[in-house]
1. Taking θ = phi - 60°, what integer Hz values does the Karplus form 6.51 cos²θ - 1.76 cosθ + 1.60 yield along the stretch 157-163, in sequence order, with x for Gly and Pro?
2. How would Asp394, Asp359 line up from fewest to most surrounding beta-carbon atoms within 10 angstrom?
3. Could you point to the residue in Gly405, Ala172, Ala218 farthest towards the positive end of the chain's charge dipole, with +1 and -1 charges on the Cβ of Lys/Arg and Asp/Glu respectively?
4. In the chain, if the dipole is taken from +1 on Lys/Arg beta carbons and -1 on Asp/Glu beta carbons about the Cα centre, which of Gln205, Leu142, Ala421 is farthest to the positive end?
5. Search the structure for amide H atoms under 5 Å from the amide H of Arg64, placed 1.01 Å from N in the peptide plane, and list their residues when 5 or more places away or on another chain.
6. Once the Cα atoms of the stretch 61-111 are picked out, what are the Rg and Dmax in Å?
7. Through the Karplus equation 6.51 cos²θ - 1.76 cosθ + 1.60, θ set to phi - 60°, convert the phi angles of the stretch 337-346 into ³J(HN,Hα) values in whole Hz; use x for Gly and Pro.
8. Taking every DSSP beta bridge with both residues inside the chain, roughly what % is antiparallel (nearest 5)?
Amino acid sequence: MTADELLQPFGRFGVRLGLERSQQLLAVLGQPQQRVPIIHVAGTNGKGSVCAYLSAVLTAAGYRVGRYTSPHLVDWTERICLNEQPIARPVLLDLLRAVRDAIAPQPDPPTQFEIFTAAAWLYFARQAVDLAVVEVGLGGRLDATNVVDQPLVTVITSIGFDHTQVLGNTLAAIAREKAGILKPGRPAVIGPLPPEAQAAVAAQQQAVGGPVIWVEPAVPVSASRIRFQPPDQSDLPLTALDYSLPLAGAVQLTNSAIAIAALQALRVQGWAVSDTTIQTGLANARWPGRLQQLRWQQREILIDGAHNPPAAIALRQYVDAWQEPVVWVLGILSSKDDRGVLAALLRPGDRFHAVAVPDHATIAPSELIVLAKELCPELADSREYASVEAALLDSGRSDRLVLCGSLYLIGAFLHQIQNEAEA
């Protein structure tokens, strides 16, 4: 039996925020989350990169480090890692069976994400990790990961419009949901936020108390080095640090600075994380599917999730450096802001190749074509395709080619490449 087959019966329950189901399930499992010190990471974008940085540095420091992130790109095992290594598939299946068997008959059964999150807690507790880096799945306040009362550090990377059907349609409402991970007396590391969101997060942090660090982006100091500067608004003693940045895009100036601030907040608590270890760990961090360049069928392709307007803006800023028209191969989930994403990406002279996101509720490519022409009438071309492969192949080998719009779309393409390599 595969992880998909084990989880499939619970997929029909969809996304239902709330902590009661997780708390009941974890109680039956012996409260494994209480044996796992964590860094808890929420935010609209940047969560995965920050988790990757934190996990890489803490592993380099010699700690036994768990990492829990979502979604996966190719395989469920990517979500649960120990010292940067995905969980072994047989071990994952055993954990999922254990969690499934602990579910009592009830009218409100746990969701797929709640079951998988419980498996992560169980794995980290059994492996006796020194700490785990845990990414929020959706929101924060009512997310299945929000079951730890005393996190080592809480992090909010960014706040923008995404999942508005669930979290609210104002930045303040979304911010209040994400700020639900903040805990009494525990240090909080907060990235740059829009004023409305910052006010909401600041109010929540003031209500729970505890030191707070309002992070500012790192600053390039040479072609290959950037500098973290202690922000003016910090309740903890931080120190400047020069380092190399392994992940592409200007947004990583912020994400890496957030990670460094969180690591120094750990250091204040007595964790052995030297400047040299931070530099080494950051340089070794990897996070696939985000501004990742790869070669396929003699074509250079940039792949990036860019599944909401803030992420699309960051992607557009990155490709602007090319100063050339872009061929966009794009598919978007039906729950996402297609207008906001396309408005951020498309420019006159670009070409637009619309596709469906495989095996997910997706916006019809024909609808994306209509919207793209409305938003950018000066497109050089716009067409729909039956597959990602067809859309990519219908481009010149010298074209500036970008595949984006959904991490599930990126994952399906990477899975295809993997299958081709193994054939």
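1. Computed from phi, the couplings for the stretch 157-163 are 7, 6, 9, x, 7, 6, 6 Hz.
2. Working: Asp394 15, Asp359 9.
Fewest-to-most ranking of Asp394, Asp359: Asp359, Asp394.
3. The residue sitting farthest along the positive end of the dipole is Ala218.
4. Gln205
5. Those lying under 5 Å, H to H, from Arg64 are Asp130, Leu131.
6. 13.7, 46
7. Working through the residues one at a time gives 7, 5, 4, x, 5, 5, 4, 6, 8, 7 Hz.
8. On the way: 17 of 52 bridges.
Counting only bridges with both partners in the chain, antiparallel ones make up about 35 percent.
Only the coordinates and a few stated rules stand behind these numbers; no lab work does. Being a predicted model, the structure only gives us computed values, none of them experimental. Here the Cβ is made from the backbone with ideal geometry for all residues, glycine too, and neighbour counts use every protein chain on show.
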